[in-house]
Amino acid sequence: MTVRCSKGNCKNPAIIHQKYSGLHLCENHFLDHIERKVKKEMRKGMMVERDDKIAVALSGGKDSSALLYMLNKVFCNRNDLQFVAIAVDEGIEGFRSFTLNNARRITKQLEIKLFTFSFAEEFGFTLDDVASKGFEQAPCTPCGVLRRRILDEKARELGATKVATAHNLDDEVQSIVINYIRGDIDRLRRLRGRRDEFIPRIKPLRTILEKEVALYAIAVGIPITTIHCPYAKLSYRFTVKRMLNVFEMRHPGTKYSLIRGYERLLQLLPDEQLNKQLLRCERCGEASAAGLCKACELIARMK
Ligand code: SF4
C-alpha cells in the first residue's frame, strides 16, 4: 500500500518516514521541509550577513554538493552575496579523483567558481604518504588538520568573509560525543565556530540528519558516489558513528536530543570559558591551541 504525505491535504506518495517526528513526506514537502530547517538554523546562528563572500568547502560528495546547491537556491535573490567553492585534493588514491569530478560538474552547472588545491602542491606530500609512515594517529586526524589549514589560508586569500562546511547532524553529534568521551571542554566549545579574528565557519546543515541530506541530494539530481575513503573505518569517529546509528535506530530522536543537550550545556559554561582566545601559531600565524599548530607540527614531522 502506498503511504501518502502527512502534510495538509497532500495526496502525493511519501518518500520518507521521519521516525523522530512521525511525519511521512512527499518529495516536494520533504525538500521544502529541509530548506526551511536550514534557513531557520542560518537565521538563528546569524550565519549570513550583508555583502558576505562565502567560500564553500566542496569535496564533491553528497553533503557538500547538496550544501552548495541549497545555498545557491535559497539565496538566489541576494545580489549582495557571493559564493565560491574550494576543493582540496588530499591525495588518496582511487577515491578523491571521483568526488572531485563531481565537484567540477556541480560548480559548472551552478556557475560557481571552483578553486582546487592539493596537499601535494601545498605541502609536498600526499595523505597516502602520511598514512604510509604508520604514525600512531589514524589518517583522518592529519587529513582534517591539513585540510583546515588549506581552507583557512585560501579562503582568506580569496577575500572570503565566511567558510561554509557541510557538517550535518550526524557529524555534529559524533564530534560532541567524541569530546564528551575525551572530556575535552575546549574543543566542545569550539564546535560552535571560531573567534572573530579568524574567518568564521558556518555549518548550515548541522541540524539535518546525514540520511536526509543524502535523500535531498538524490531528489535534486546530485550524483551520489558509492566509493568511500579507504581510511574512514580506521578512525575513532567511525566507531562512535556506528554506535550512534544503533542508538538512533532503536531510539529515534537520540541525535536531536544530543545536540539540544549540547546547546544547553554551552549556556552553562562560564563566560571566561566561552571567551577564551585561540592563540596564533608562532610559525604560520594560523589559529592554534598551543605555540605550534598541529599542521606545522605535522609538516615538520614529515620533513
Ligand atoms: Fe580524510 Fe578521513 Fe575523510 Fe578520508 S575519511 S577524506 S582520511 S577525513
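Things to note:
- Considering only Cα atoms, the convex hull volume of region 1-40 works out to 70 Å³ per residue.
- Computed from Cα atoms, the angle from the helix 254-268 axis to the main principal axis of the chain rounds to 60 degrees.
- From phi via Karplus (6.51, -1.76, 1.60), per-residue ³J(HN,Hα) for region 22-32 in Hz, x at Gly/Pro: x, 7, 9, 10, 7, 4, 5, 5, 5, 4, 4
- Helix 140-157 vs. the chain, principal-axis angle (Cα, 0 to 90°, nearest 10): 90
- A simple spin-label model places the labels of Ile218 and Ala232 1.5 nm from each other, with each point 7 Å out along Cα-to-Cβ.
- Taking every DSSP helix (H) stretch of at least 4 residues in the chain, weighting each as -39,500 (n - 2.57) and dividing the sum by the residue count yields a mean residue ellipticity at 222 nm of -15000 deg cm²/dmol.
- Applying 1/(1 + (r/R0)^6) with R0 = 45 Å to the Cβ-Cβ distance of Gln109 and Leu268 gives a FRET efficiency near 0.50.
- Pairs of alpha carbons in the chain whose separation is greater than 30 Å (percent): 34
- Helix 210-219 and the long axis of the chain differ in direction by around 60°, with both axes built from C-alpha atoms.
- Sparsely packed loop sites in region 7-91 (the GluC sites (Glu not before Pro) outside DSSP H, G, I, E and B with at most 14 other Cβ atoms within 10 Å) comprise Glu49.
- If the segment from Arg36 to Phe198 were pulled out straight at 0.36 nm per residue, it would be longer than the present Cα-Cα gap by 55.5 nm.
- If R0 is taken as 35 Å, the Cβ-Cβ distance between Arg78 and Met1 corresponds to a FRET efficiency of 0.20.
- Loop GluC sites (Glu not before Pro), region 166-219 (other Cβ atoms within 10 Å of the site Cβ: 15 or fewer; DSSP): Glu197
- Once C-alpha pairs closer than 8 Å and six or more residues apart are averaged by separation and normalised to the residue number of the chain, the relative contact order reads 18 percent.
- Relative packing of peptides 68-75, 163-170, 252-259 - highest average C-beta neighbours within 10 Å first: 163-170, 68-75, 252-259
- Averaging the sequence gap over all C-alpha pairs within less than 8 Å and six or more residues apart, then dividing by the number of residues, gives region 1-160 a relative contact order of 17 percent.
- Rg then Dmax, both in Å and based on the Cα atoms of region 7-85: 15.0, 41.
Every number in this text was worked out from the coordinates using simple rules, so none of it is lab data. Here the structure is a predicted model, which is why all the values come from computation and not from measurement. Methodologically, a virtual Cβ is constructed for each residue, glycine included, from the backbone with ideal geometry; neighbour enumeration extends over all protein chains shown.
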